[in-house]
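> One structure is given below, represented as structure tokens, and several questions about it will come after.
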Amino acid sequence: MTLLGDNAAALYDTGPVPGPGGIPVTYEQVATGDLPVVGPEKPLVPRLSAGLQLHGEYQGSGFTEPRYIARRGDGQVVQLTRLLHLVASSIDGGRDLETIAHRVSARFGREVSADNIRYLIENKLEPLGVTVPEGQEDDQVSAPRSDLLLALKGHRVLFNERRVAKIARALAWLHRPVVVAAVLAGIAVLDVWLFVFFGAITPVLQVLDQPVLLLVVFVLTVASLVFHEFGHASACRYGGARPGCIGCGLFLIWPSMYTDVTDVYRIGRGGRLRTDLGGVYFNVVFMLAMAGAYALSGQAFFLAAVYLGHFEILEQLMPAVRLDGYYILGDLAGVPDLYGKIKPILLGLVPGAAGRRARAEVAALKKSARAIVATWVLTMVPLIIGELGYALWNLPRITTTMIRSLAEQLLGTGGAFAHGQIAAGLMGVVGCVMLLCPMAGVVYLSVKLGGRLWRGGAKATAGRPRLRLALCVLVLAGLGGLSYAWVSGLTPRPLPKQPPIAPILQPGVSTSPPPARHATHPDRHSATPSATAAVPSGTASPNASADPSATAGPSTSASPHPSDSKASPRGTAGRPSGSPVPSGQPTTSASAVPGSGSPSAPSSPADSPSAPVSSSAPPAGSPSPTAS
């Protein structure tokens, strides 16, 4: 600062200089006397994010170190260490860092300073969405979510937490050991009677002859799905945990139901397994109720619902996708997310730094949990790769067959409505949904999986151009070879058109078998028995067979009669909370005798089971045998 002639200050430098209390000030502030007021620093008071719930220690964990479960307001579940859980449980929106540090130190057994608490909050809890960032006014946080490939999307609540708690409390007595033993004994007796003495397929075939009854069975199956979810909720309540809401969502593309039982992680492993099995146990209770309704009314559709309930139980117990069997296996191992362990298990087999890091992550599991998870991973990964390769090899066959079946289905359903056949048209709509769901699911899963593989490859080859070039060449070579196989006809041809197994689900689609293709005999002078009608002995004139009324015997054919063959059952993809529903019945028809002028014999059902499909919402199986 320099002084002019009249002692006025000439501000030639406005840079900051130390002021009172070490606060930087400018020369202008010194000259004008506008200095900042020094006061005590306001303490930082951390806050938890909106809707956060701390469920406590993960009981029966398969990890060597204790894990604690927290659930964010957006439904994402995160795992915390003991120290992080103590910090989060000490935050109440009123305590400052110093108070939290004293509280955590007393409970942790070691000295933790306020600076340590600040570091844990800013670098551990905030990235997980547990606490609110400093300076943010509201409590809503935008934290990353696990983008699980086979997770439920688009949740919608059907029964809120209060209503679920009330109904679960009323049904909890069904989980008492004496009641469970009685139910299991009852289903054993019912199955022996239904499958050994009565004939389980008979009521199903009777229902398939009536579209209205089939719609009733469909409604009963949906009701069993809702009852299934209350089985999970009531088992959770019986074990001492608090069940959440019951809702629905989309699994890949299929509608599905779910029950929020996150609080079950704070009870023992036995309580979690009871909760996992509560759904299929309530399916058994529902089947006994349907058998009682049949005993009182004599209506066969109740037994048809019992028959379909067995398929639902078998489907739910599969550990491949996120069905009940997946969570049962996860709770046996003490690992909440088995799919999250696929990557470290596989990378642990690779030598190098990446393999060492993956093995260190797997080492956090107990030996028993490690054995269960490794067995599941090494079984599921080859199975998934094999199914994916088989689907790609048969892609032209699958695409052509499904498009043809969908076109016939839409035309037949539209024709049924046009002719005033409302019940048949509604069943045709169900068949359309059954055909569209797997098609849309395959497209969705292919796009999702392809995007993940693309991003994973780009991330793995970042900064390594040679490796990226080699990977691109390998992928192009594989796609080129597969395209050549598709075009050149090396892959299997599309399935020939066949009569529908379930005509009731395909109105307007012809049930007559396609004309048989007769093989050409190498000797042109030899007789062709498949094309020649047998002439009865004693025919007076060689031209008598030209007169329809003169034909005395039935025609013979080398090809088998339609009524002599039975349709094979078809398989469908699994859906969460889905109930398998037989998709139809095989039909047989007696063709008119060539040259006899006699009408066709009426078709009759054959005793052959049909394909299971899901009814957790629109079923996902294809109604046509040509759509496999």
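> With the structure loaded, tell me whether Pro66 is in contact with a Leu (Cβ under 8 Å, 6 or more places away or on another chain), part of a loop (DSSP other than H, G, I, E, B) and modelled with pLDDT of 85 or more or whether it fails that test.
no
> If you check Asp96, Asp92, which single one turns out to be among the charged types (D, E, K, R), surrounded by fewer than 19 Cβ atoms within 10 Å (Cβ to Cβ), over 21 Å from Gln140 (Cβ atoms) and modelled with pLDDT under 90?
From the options Asp96, Asp92, the qualifying one is Asp96.
> Looking at Tyr294, Tyr281 in this structure, which one is touching a helix residue (DSSP H, G or I) at 6+ places or on another chain (Cβ under 6 Å) and at pLDDT 95 or above? Can you show your working first?
Working: Tyr294 fails: at pLDDT 95 or above.
On inspection, the qualifying residue turns out to be Tyr281.
> Among the residues of the stretch 354-404, count how many are over 20 Å from Thr491 (Cα atoms) and open to solvent by less than 40 Å² (accessible area, probe 1.4 Å).
12
> Which of the numbered conditions does Val264 fail, given that it passes all the others? Conditions: (1) open to solvent by 40 Å² or more (accessible area, probe 1.4 Å); (2) part of a helix (DSSP H, G or I).
With (1) open to solvent by 40 Å² or more (accessible area, probe 1.4 Å); (2) part of a helix (DSSP H, G or I) applied to Val264, the lone miss is (1).
> Tally time: how many residues in the stretch 407-425 are in contact with a Ser or Thr (Cβ under 9 Å, 6 or more places away or on another chain) and either open to solvent by 60 Å² or more (accessible area, probe 1.4 Å) or hydrophobic (A, V, I, L, M, F, W, C) (or both)?
Final tally of qualifying residues: 1.
> Looking at (1) under 56 Å from the mean Cα position of the chain (by Cα); (2) open to solvent by 50 Å² or more (accessible area, probe 1.4 Å); (3) at pLDDT below 85, which is the only condition Phe108 fails?
Every condition holds for Phe108 apart from (3).
> Can you tell me which residue among Val192, Val222 is farther than 30 Å from Ile267 by Cα, among the aliphatic types (A, V, I, L, M) and touching a residue at least 40 places away in the same chain (Cβ under 8 Å)?
Val222
> Another one. Report whether or not Leu250 is in a helix (DSSP H, G or I), touching a residue at least 40 places away in the same chain (Cβ under 8 Å) and either closer than 29 Å to Tyr444 by Cβ or of a type in the set (Asp, Glu) (or both). Spell out the reasoning first.
Details: in a helix (DSSP H, G or I): no; touching a residue at least 40 places away in the same chain (Cβ under 8 Å): yes; either closer than 29 Å to Tyr444 by Cβ or of a type in the set (Asp, Glu) (or both): yes.
No, not satisfied.
> If a residue must be small (Gly, Ala, Ser) and open to solvent by 30 Å² or more (accessible area, probe 1.4 Å), how many such residues does the stretch 64-79 contain?
So the first thing to find is which residues in the stretch 64-79 are small (Gly, Ala, Ser), and the list is 70, 73, 75.
Still in the running and open to solvent by 30 Å² or more (accessible area, probe 1.4 Å): 73.
Matching residues across the stretch 64-79 total 1.
> Could you pull out the residue among Ala305, Ala291, Ala300, Ala320 that is over 20 Å from Leu174 (Cβ atoms), in contact (Cβ under 8 Å) with a residue 60 or more places away in the chain and crowded, with 17+ Cβ neighbours inside 10 Å?
Every option except Ala300 fails the conditions.
The values are calculated or read from the model by the stated rules, or taken from the named source; none is laboratory data. All figures in this text were calculated on a predicted structure; none of them were measured in a lab. So basically every Cβ, Gly included, is an ideal-geometry build from the backbone, and we count neighbours across all protein chains shown. What goes into the accessible areas is simple: the full protein's heavy atoms, side chains included, and nothing from ligands, DNA or RNA. Shrake-Rupley method; radii C 1.70, N 1.55, O 1.52, S 1.80 Å.
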